[in-house]
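Asks: Encoded as C-alpha cells, here's the structure I'll be asking about.
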Amino acid sequence: MRSPLPPVASIRDFYAFEQHVKTCRKQRGLEMVPQWYQIPVFYLSNPVCVIGHDDPVTAPHGSEALDYELELACVIGKIGRDIPADGRALEYVAGFTIMNDWSARDLQRAEMAVGLGPSKSKDFATSLGPELVSLDELSDRYRDGRLHLEMTARVNGRELSRDNSGSMYWTWPQLIAHASRDTQLVPGDVLGSGTVGTGCILELTPEAVGGWLKPGDVVELTIEGLGTLRNRVGARAI
C-alpha cells in the first residue's frame with residue numbers, strides 16, 4: 001500500500017486552511033478577502049526543485065528568512081479533466097504524502113507587494129515524502145471530503161506546530177475538481193493542501209519561536225499515518 005513517490009509532473013499548492021490565512025492576514029492588518037471563500041486558489045511551483053526525505057535544503061540567495069510549511073499533499077495517479085467535485089474525484093488519486101513548501105519570507109514580501117507570485121521565494125525547494133500512502137490505507141480517517149490526521153512540525157526536536165488536517169475549509173474533491181478545470185491532470189501532478197493552522201514560523205511569528213531557520217536546523221514534519229519528513233538546513237554556497 002505504501003510506495004516510493006513517482007516523478008513529479010507539476011505542483012499546485014492550494015491555500016485551504018482558514019486559520020492559517022486569517023492569522024497571517026491579521027498580522028498584516030488585513031481582513032479576510034471574500035473571494036477566498038468562493039474559490040480554492042493555488043499557485044504553481046517548480047517540480048524540478050523537489051527534494052526528498054533527509055535531503056539538505058538551503059535558503060535561496062539574498063534570503064535571511066527561511067521558513068518551513070507543514071502541508072498534506074495528494075499525488076494524481078491517472079489522467080483526468082474537468083473532474084467532478086464529488087466522491088469520484090478520489091479515483092484519480094494515487095495516494096497522499098507529506099509536503100514542506102519551503103519559503104523565503106523576505107523575498108516573498110517583495111514579490112507579493114508587486115501583486116504577482118510567489119516565485120523565487122518558493123521555487124528553490126519543495127520537500128515530499130517519505131512515501132506515498134494510498135487512500136485505502138487511510139480510509140478510516142476520511143470523511144466529509146477531508147482526511148482527519150494529526151499534523152506536527154518540530155525544529156531541532158522542539159514541537160512548534162500542531163493541528164489536524166480535518167480542519168481544511170476546502171475538501172479534496174473540491175481541490176481536485178478546481179485543479180482539473182479546463183485542463184488535464186496527469187500522473188505525478190501534486191496538489192498541496194496549503195499550510196495547516198500554526199504550521200509555519202510566519203504564522204507563529206519568528207519572535208515567538210526564536211527566529212527564522214538557520215544552517216544546522218533539522219525540520220521534521222509528521223502526519224499521522226504518513227510518517228515523518230525530515231530535512232536539515234545547510235549553509236548556502238558562496
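The values are calculated or read from the model by the stated rules, or taken from the named source; none is laboratory data. Worth saying up front: this structure is predicted, and the values here are computed from it rather than measured. All Cβ positions, even for glycine, are placed from backbone atoms using ideal geometry, and neighbour counts span all protein chains on display. We work out accessible area using only protein heavy atoms, side chains counted, and drop any ligands, DNA or RNA first. Shrake-Rupley method; radii C 1.70, N 1.55, O 1.52, S 1.80 Å.
Asks: Count the net charge of all other residues whose Cβ sits under 12 Å from the Cβ of GLU220, scoring Lys and Arg as +1 and Asp and Glu as -1.
Replies: Numbers: positive: ARG154, ARG158, ARG230, ARG232; negative: ASP54, GLU159, ASP217.
Taking every other residue near GLU220 into account, the sum is +1.
Asks: Rg and Dmax of the stretch 1-92, Cα atoms, in Å?
Replies: Cα only, the stretch 1-92: 16.6, 46 Å (Rg, Dmax).
Asks: Further question: The stretch 58-178: Rg/Rh from Cα coordinates, Kirkwood Rh?
Replies: On the way: Rg = 16.4 Å, Rh = 16.2 Å.
That ratio equals 1.01.
Asks: If you don't mind, another one. For SER3 and LEU90 in one chain, what is 0.36 nm times their gap in residues minus the Cα-Cα distance, to one decimal in nm? Could the numbers behind the result be given before it?
Replies: Working: separation 87, 0.36 × 87 = 31.32 nm, distance 1.79 nm.
In short, 29.5 nm is gained.
Asks: Only sites in a loop by DSSP and with at most 14 other Cβ atoms within 10 Å count here; which GluC sites (Glu not before Pro) in the stretch 60-108 make the cut? Working shown, then result.
Replies: Numbers: sites: GLU64, GLU69, GLU71, GLU91; in loops: GLU64, GLU69.
Within the stretch 60-108, the qualifying GluC sites (Glu not before Pro) (loop, at most 14 other Cβ atoms within 10 Å) are GLU64.
Asks: With +1 on the Cβ of every Lys and Arg and -1 on the Cβ of every Asp and Glu, and nothing else charged, how large is the dipole of the stretch 44-183 about its Cα centre, in debye rounded to the nearest 20?
Replies: Numbers: 14 positive and 22 negative charges, 51 e Å.
Charge dipole of the stretch 44-183: 240 debye, to the nearest 20.
Asks: Assuming R0 = 45 Å, can you tell me the calculated FRET efficiency for the pair ASP136 and GLU207, based on Cβ-Cβ distance, to the nearest 0.05? Provide the component values of the computation, followed by the final result.
Replies: Working: r = 44 Å, r/R0 = 0.97.
Computed FRET efficiency for ASP136 and GLU207: 0.55.
Asks: I need the Debye-formula profile for the stretch 129-229: one equal scatterer per C-alpha, no solvent, reported as log10 I(q)/I(0) at q = 0.14, 0.22 1/Å, two decimals.
Replies: Reported log10 I(q)/I(0), two decimals: -0.65, -1.24.
Asks: Further, regarding this structure: Working with all protein chains in place, sort ARG143, ARG109 by solvent-accessible area computed with a 1.4 Å probe, largest first.
Replies: Numbers: ARG143 120, ARG109 145 Å².
Final ranking, largest accessible area leading: ARG109, ARG143.
Asks: In square angstrom, what is the accessible area per residue of the chain with a 1.4 angstrom probe?
Replies: Values: 10670 Å² over 238 residues.
So the chain comes to 45 Å² accessible per residue, rounded to a whole number.
Asks: Hey, any idea what the orientation-averaged projected area of the convex hull of the chain's Cα atoms comes to, in nm²?
Replies: Details: hull surface 48.6 nm².
Answer in nm², one decimal: 12.1.
Asks: Residues of the stretch 29-49 with backbone nitrogen within less than 17 Å of a virtual label 7 Å along the Cα-to-Cβ line of ARG181, please, listed as ranges.
Replies: 34-44
Asks: Determine the share of the chain's accessible area contributed by carbon and sulfur atoms, expressed in whole percent, with a 1.4 angstrom probe. Intermediate values should be presented prior to the final figure.
Replies: Working: 5630 of 10670 Å².
C and S fraction of accessible area: 53 percent.
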